[in-house]
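A short write-up of the structure that comes next.
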Amino acid sequence: MKKTITFIALSLLIMACSGDDDTNTTAPDVVTETQVLSNYATIVHQSYLDSYTAALELQTAVNAFLASPSAATFDAAKIAWLAAREPYGQTEAYRFANGPIDAEGTAPWVIGNEGQLNAWPLEEALIDYVLLGSEAQGAGIFDFNIVSSDRTIDAASIISLNEFEGNEAAISTGWHAIEFLLWGQDNSDPADATAGLREFTDYTTLENANRRAQYLRTATNLLVNDLNDLVVTWANGGLYRTEFESLEPSVALRQIITGPFTMAGDELSSERMIAPVDSEGGLNGWGQEDEHSCFSDNTHRDIFTNAQGVDNVIFGRYGTITGPSFYDLVQQENPEQAEALLAASENARALVAAVANNTQPFDFLILQESSQDTNRGVVLQAADALITYGDVISASAAAIGINLQ
């Protein structure tokens, strides 16, 4: 399937952004930390709700495909996956904030399901067959070639195998497990903009077709449930929303700004952009295997939505929601620093858009660059701008008395 499926998906994407009772707020003349935190919680809940709603549409499309397998229903499931990634990508700025998705510990509000939702890169052979040359090798869970005596494909079994024995590449759940089950490996030449070419007949006539279908259904259902848990806990009166609202405002503010600071300055820029540029790993000998969404060739959209999520938190906006923001607090305290923050955001946004809108696929672009280059290509220019944006977020936090270092 050609990369143009992405644009089909985007044309079908409808982001509701209208579920909370407290949306459509506007920033007052004087902004307080408490107002910023309230608007942040509204945004978090609504964006998780949009992601959950889109995942339900993916679930419907997967079930329709499995009930009546065909090229058309298979493509529809892929389109639904791409569409569902759009709102989810923006929620990644809520990580690193000691929130329910990735906090550690035994507090009752800790869900800790980020790795179950979105871990990568994925060792494909754990799940299904892979092609080495023209030969299919291994079949992972389907042939039971795993360190486990449990041969049942259900939620408990695939959860138990996710990152089992500390192997971070042993990914058996979440977005990218589903992605692999829909697209298969991308063994194409990066220059031809072709994603993975799994055929729908993998679910009809190929060996283990029924088990493959059960895996796809189980992983999709688990994704929906995991997102619903985040929606519920962030809703008004939800377990973590209540905990969050009880925090000392200065503590909560530091936590929420740590998310976009880390996403821009490290996770997105370094792990998701610079690392694949410099990677020599993968079955094909290039950084394609270190792409975030390497099977569907959707990494360019992941980068864009992750960067959008950073801006959402910094400027207190998401869809139709706008309200008191971290930027407003900085502007009140230090207008010059606020101007620098806005400029860093605009520069990063423009350079990330140059990657997202490039006529060449991401897996081709990363082959053209090296972090040792003095003449930076479009990927590394965007990564550098995001690192700078992270630094400016840190300096802006310091301007209002918050130390992020």
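The values are calculated or read from the model by the stated rules, or taken from the named source; none is laboratory data. Just so it is clear, the model here is predicted, and its values are computed rather than measured. Note that we place each Cβ from the backbone using ideal geometry, even for glycine, and neighbour counts take in every protein chain shown. Ligands, DNA and RNA are excluded from the accessible area calculation, which covers all protein heavy atoms including side chains. Shrake-Rupley method; radii C 1.70, N 1.55, O 1.52, S 1.80 Å.
Points to keep in mind about this one:
- Check on residue 299, under 26 Å from residue 103 (Cβ atoms), in contact with a helix residue (DSSP H, G or I) (Cβ under 6 Å, 6 or more places away or on another chain) and either surrounded by fewer than 22 Cβ atoms within 10 Å (Cβ to Cβ) or among the polar types (S, T, N, Q) (or both): no
- Residue within the stretch 235-250 that is open to solvent by less than 30 Å² (accessible area, probe 1.4 Å), of a type in the set (Lys, Arg) and either more than 28 Å from residue 382 (Cα to Cα) or modelled with pLDDT of 95 or more (or both) present: yes
- Residue within the stretch 272-287 that is open to solvent by 40 Å² or more (accessible area, probe 1.4 Å), at pLDDT 95 or above and assigned to a helix (DSSP H, G or I) present: no
- Qualifying residue in the stretch 341-353 (condition: surrounded by fewer than 19 Cβ atoms within 10 Å (Cβ to Cβ), free of Cβ contacts under 8 Å to residues at least 60 places away in the same chain and of a type in the set (S, T, N, Q)): yes
- Among (1) closer than 21 Å to residue 295 by Cα; (2) modelled with pLDDT of 95 or more; (3) open to solvent by 20 Å² or more (accessible area, probe 1.4 Å) - the single one residue 360 does not satisfy: (2)
- Residues of the stretch 291-312 classified as assigned to a helix (DSSP H, G or I), in contact with a Gly (Cβ under 6 Å, 6 or more places away or on another chain) and not polar (S, T, N, Q), total: 1
- Leading residue by the ranking (nearest to residue 102 (Cα to Cα)) among those in the stretch 251-268 that are of a type outside the set (A, V, I, L, M, F, W, C) and crowded, with 23+ Cβ neighbours inside 10 Å: 259
- For the stretch 65-106, residues that are among the small types (Gly, Ala, Ser), touching a residue at least 12 places away in the same chain (Cβ under 8 Å) and open to solvent by less than 50 Å² (accessible area, probe 1.4 Å) total 10.
- Criterion: touching a strand residue (DSSP E or B) at 6+ places or on another chain (Cβ under 9 Å), at pLDDT 85 or above and either open to solvent by less than 70 Å² (accessible area, probe 1.4 Å) or of a type in the set (Ser, Thr, Tyr) (or both) - qualifying residue of 124, 114: 124
- Within the stretch 245-256, residues that are β-branched (Val, Ile, Thr) sit with their Cβ atoms under 9 Å from residues that are assigned to a loop (DSSP other than H, G, I, E, B), at 6+ positions apart or across chains, in these pairs: 256/97; 256/99.
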